[in-house]
Amino acid sequence: RKEVEQDPGPFNVPEGATVAFNCTYSNSASQSFFWYRQDCRKEPKLLMSVYSSGNEDGRFTAQLNRASQYISLLIRDSKLSDSATYLCVVTRVLTGGGNKLTFGTGTQLKVEL
Amino acid sequence: DAGVTQSPTHLIKTRGQQVTLRCSPKSGHDTVSWYQQALGQGPQFIFQYYEEEERQRGNFPDRFSGHQFPNYSSELNVNALLLGDSALYLCASSLGAFENTEAFFGQGTRLTVV
């Protein structure tokens, strides 16, 4: 079983739609959680951190359920420019120092006219 | 302020050859991590360098080795290349490496092994 699992999609949605992505993680020692965005043939970029209390950044809302080891990302009023791959990321500090980012395979979103 | 820069951007090598990829971290960052991203997959952690030492390593064979220099820049070396090593190699830099440290990625080096 992969440490971080995501539905690979693609999710094809019309402009203005609301779309939700889900992610589960298996390592209960995971400490911090993020969503990264990766455009085609580009590097991943941090979209937002994810907190247990839930957090919102404009049209984006992220939620963490530690008990269920589940992370979600909601995009409201989707734009053409939201088309990208969304990567779920969990991190933990390692014995001996340092940290490790563990990525899901990513969920591809295509927003259409 | 330059972000994370990697060189070269593209590379084609033959099976069995060796390759060296380079990374300059974002100004002020002291920690460099390397990731391998195969097509259709998420990035996989190779190793992390801090204070010129390999601090952590993912599940990659010894053919993958690295180095960090006093100016915090880093190299990734891969020996005896296999077709399966074809991937996008990403360098990420950060200031320290804690559970909530933000990592900044370079644009990557796309390696093709033929």
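For the stretch B:65-88, does any single residue satisfy the condition of being part of a strand (DSSP E or B) and at pLDDT below 95? Even if it seems obvious, please write down each step before you answer.
From the stretch B:65-88, those part of a strand (DSSP E or B) are B:65-68, B:74-78, B:87-88; that's our starting set.
Next cut, at pLDDT below 95 only: none.
No: zero hits.
Hey, among A:LEU113, A:LEU47, which residue is in contact (Cβ under 8 Å) with a residue 60 or more places away in the chain and surrounded by fewer than 21 Cβ atoms within 10 Å (Cβ to Cβ)?
Result: A:LEU113 is the single residue among A:LEU113, A:LEU47 that is in contact (Cβ under 8 Å) with a residue 60 or more places away in the chain and surrounded by fewer than 21 Cβ atoms within 10 Å (Cβ to Cβ).
I'd like to check something: does the stretch B:7-14 contain any residue that is part of a strand (DSSP E or B) and either facing chain A (nearest Cβ under 9 Å) or without any contact (Cβ under 8 Å) to a residue 40 or more places away in the chain (or both)? Step through it out loud before you land on a result.
Start the filter on the stretch B:7-14 by keeping residues that are part of a strand (DSSP E or B), which leaves B:7, B:10-13.
Next, only the ones that are either facing chain A (nearest Cβ under 9 Å) or without any contact (Cβ under 8 Å) to a residue 40 or more places away in the chain (or both) stay: none.
Within the stretch B:7-14, not a single residue is part of a strand (DSSP E or B) and either facing chain A (nearest Cβ under 9 Å) or without any contact (Cβ under 8 Å) to a residue 40 or more places away in the chain (or both).
Considering the stretch A:82-101 alone, what residues qualify as being among the polar types (S, T, N, Q) and modelled with pLDDT under 95? Can you show your working first?
In the first step, residues of the stretch A:82-101 are kept if they are among the polar types (S, T, N, Q); the result is A:83, A:85, A:91, A:95, A:99.
Across the stretch A:82-101, the qualifying residues are A:THR91, A:THR95, A:ASN99.
Exactly one of these conditions fails for A:TYR36: (1) of a type outside the set (Gly, Ala, Ser); (2) surrounded by fewer than 17 Cβ atoms within 10 Å (Cβ to Cβ); (3) touching a Gly at 6+ places or on another chain (Cβ under 9 Å). Give me its number.
(2)
Does the stretch B:100-107 contain at least one residue that is assigned to a strand (DSSP E or B), touching a residue at least 40 places away in the same chain (Cβ under 8 Å) and out of contact with any Leu (no Cβ under 6 Å at 6 or more places or on another chain)?
Residues of the stretch B:100-107 assigned to a strand (DSSP E or B): B:104-105.
Keeping just the survivors that are touching a residue at least 40 places away in the same chain (Cβ under 8 Å) gives B:104-105.
Right, trim to out of contact with any Leu (no Cβ under 6 Å at 6 or more places or on another chain) and you get B:104.
For the stretch B:100-107, residues assigned to a strand (DSSP E or B), touching a residue at least 40 places away in the same chain (Cβ under 8 Å) and out of contact with any Leu (no Cβ under 6 Å at 6 or more places or on another chain): present.
Determine whether the stretch B:23-37 contains at least one residue that is more than 8 Å from every other protein chain (Cβ to nearest Cβ), in contact (Cβ under 8 Å) with a residue 24 or more places away in the chain, over 17 Å from B:GLN107 (Cβ atoms) and within 14 Å of the chain's Cα centre (by Cα).
There is no residue in the stretch B:23-37 that is more than 8 Å from every other protein chain (Cβ to nearest Cβ), in contact (Cβ under 8 Å) with a residue 24 or more places away in the chain, over 17 Å from B:GLN107 (Cβ atoms) and within 14 Å of the chain's Cα centre (by Cα).
Which ones in the stretch A:38-60 are outside any strand (DSSP E or B), among the small types (Gly, Ala, Ser) and either in contact with a Phe, Trp or Tyr (Cβ under 8 Å, 6 or more places away or on another chain) or under 17 Å from A:LEU109 (Cβ atoms) (or both)? Can you show your working first?
Kept after step one, since they are outside any strand (DSSP E or B), are these residues of the stretch A:38-60: A:39-43, A:51-54, A:58-59.
Checking the rest, the ones that are also among the small types (Gly, Ala, Ser) come to A:52-54, A:58.
Residue satisfying the conditions is A:GLY58 alone.
Could you pull out the residue among B:PHE60, B:PHE45 that is under 24 Å from A:MET48 (Cβ atoms), within 14 Å of chain A (Cβ to nearest Cβ) and within 14 Å of the chain's Cα centre (by Cα)?
B:PHE45
The values are calculated or read from the model by the stated rules, or taken from the named source; none is laboratory data. The model shown is predicted, which means the values in this text are computed figures rather than measured ones. So basically every Cβ, Gly included, is an ideal-geometry build from the backbone, and we count neighbours across all protein chains shown.
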